[in-house]
Structure formats: structure tokens, C-alpha cells
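The values are calculated or read from the model by the stated rules, or taken from the named source; none is laboratory data. Bear in mind the structure is a predicted one, so any value in this text is a computation, not a measurement. Positions of Cβ are backbone-derived with ideal geometry, glycine not excepted, and every protein chain shown enters the neighbour counts.
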């Protein structure tokens, strides 16, 4: 992805960057939570090899404690690395603050599917309860919506997403990329996925995407 710099005006505008934990990751396993916990490592090692699989499991647990490790099969290397790169470039050039988040919530789909591309939108606009797939029992939907919608609204009004229902949301710095992870509870993490993304990209083929789309459908997406 090319980076064209930041205009002088843009340098003064606060920015919020957000992605989803799985983005366009379509997991080959339909019901991740139905797989017994003791069988999950073997599935990962079958794909990545014994040593690499063991390392990925270790790093994924460190980055996303409490998340089903089979989600590492759809680790986002499409948007997350370029988003982090963009933030770090902006931090160096801009006087305005830059904030980052990841939506990590598990939805009641296919036995438990983590947030995919645009899954945060109903929460941002405050209509998650009107979106059937976002209806999570036990008040989870209402709680996450309150945290997320108020953050987006505050940011739109003031350039600062902080409010009394969230942990302190720090702006990113050159050394610290702070990420607010929106799950059943919001949690601010610092440089939390640097290790796993670096390792994953070392052991897998480089991800490539072609823009604009080519006329030939077979050549439209380059992976």
C-alpha cells in the first residue's frame, strides 16, 4: 500500500483508526467453539507445522488472552499491519492525536464468530439491538454499544474518544501504539500484537492485493 504523506491541514486533525479481529477471515472451521480445547493445537500445527504452530499459539494467547486459539487461522494480515504503519507515520508527522481500536467481540454466528469487516458499524450508530446478528444475551450488546457508540460520538464532537464508561484511551506515540480492544469488556493494550504479526508474516506467503480491480476476474485479487 502506497503512502502519500499528510497534508498540512490534515496534520492538525485528530484521527481514529479501527479494524476487526478477523476482517475478511473466513475460517475453514464452521463452529470453532465446538472443537474440544485439547484438539485445537493439532489443527493449527497441521497447517503451520509443529514448531511454527506452537509458536503461533503462544503468541496468539499472549496477544488475545481468552480468545479461541483457532482464530489464529484467520489472523488479520490484510488491514492490521498497514493500519499500524499508517498510524506510526501519522504520529511522526502530525500534531493532532491518533487513536486506534480493534473490535474483537464474538457474535452468535456459526457457533461463535469473531468480528468481521464492518461488524463495528451497528455499535457505532447505536442500532446494534436492531441488528439480529448483534444480539448477544446477558446485556453484552447494550454494554458494548454504550462503550463504543459514546467513544465514536465523543471523538466526532471533540477529537477525543474518552468517556466515563471506558478505561483511559491514550493516543498513540512513536514508541507506543495503544489499541482499545472492544470485547465484552474494553481493554487498552500497548504494542500488543507486534510479535505475532511479525512472526506470522515471516512464516506465511506475503499478502498482496491488486487495486484497482482488473478486468479479468481471475486476476482481480492477488493473494
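Summary table
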quantity: Residue in the range 8-23 that is touching a residue at least 12 places away in the same chain (Cβ under 8 Å), surrounded by fewer than 18 Cβ atoms within 10 Å (Cβ to Cβ) and more than 30 Å from residue 157 (Cα to Cα) present; calculated: no
quantity: Residue that is modelled with the highest pLDDT, among those in the range 1-32 that are touching a helix residue (DSSP H, G or I) at 6+ places or on another chain (Cβ under 9 Å) and more than 30 Å from residue 170 (Cα to Cα); calculated: 32
quantity: Residues of the range 36-47 satisfying the condition of being over 25 Å from residue 181 (Cα atoms) and out of contact with any helix residue (DSSP H, G or I) (no Cβ under 6 Å at 6 or more places or on another chain); calculated: 36, 38, 39, 42, 43, 46, 47
quantity: Odd one out for residue 133 among (1) touching a strand residue (DSSP E or B) at 6+ places or on another chain (Cβ under 8 Å); (2) farther than 28 Å from residue 177 by Cα; (3) surrounded by 14 or more Cβ atoms within 10 Å (Cβ to Cβ); calculated: (3)
quantity: Flag for residue 167 being at pLDDT 95 or above and assigned to a loop (DSSP other than H, G, I, E, B); calculated: yes
quantity: Condition broken by residue 167, with the remaining ones in (1) touching a strand residue (DSSP E or B) at 6+ places or on another chain (Cβ under 9 Å); (2) in contact (Cβ under 8 Å) with a residue 40 or more places away in the chain satisfied; calculated: (2)
quantity: Some residue of the range 48-57 being at positive phi, more than 22 Å from the chain's Cα centre (by Cα), surrounded by 12 or more Cβ atoms within 10 Å (Cβ to Cβ) and modelled with pLDDT of 95 or more; calculated: yes
quantity: Those residues of the range 117-130 which are surrounded by 12 or more Cβ atoms within 10 Å (Cβ to Cβ) and out of contact with any strand residue (DSSP E or B) (no Cβ under 8 Å at 6 or more places or on another chain), in sequence order; calculated: 121, 122, 124, 125, 126, 127, 128, 129
quantity: In the range 23-60, the residues that are within 17 Å of residue 201 (Cβ to Cβ), touching a strand residue (DSSP E or B) at 6+ places or on another chain (Cβ under 8 Å) and part of a loop (DSSP other than H, G, I, E, B); calculated: 24, 25
quantity: Selected residue [closer than 24 Å to residue 25 by Cβ, part of a loop (DSSP other than H, G, I, E, B) and either at pLDDT 95 or above or touching a strand residue (DSSP E or B) at 6+ places or on another chain (Cβ under 6 Å) (or both)] from 207, 192, 211, 199; calculated: 192
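Results for (1) assigned to a loop (DSSP other than H, G, I, E, B); (2) more than 18 Å from the chain's Cα centre (by Cα); (3) closer than 30 Å to residue 29 by Cβ, shown as yes or no for each residue.
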site	(1), (2), (3)
87	no, no, no
90	no, yes, no
100	no, no, yes
129	no, yes, yes
145	no, no, yes
162	yes, yes, no
171	yes, no, no
184	yes, no, yes
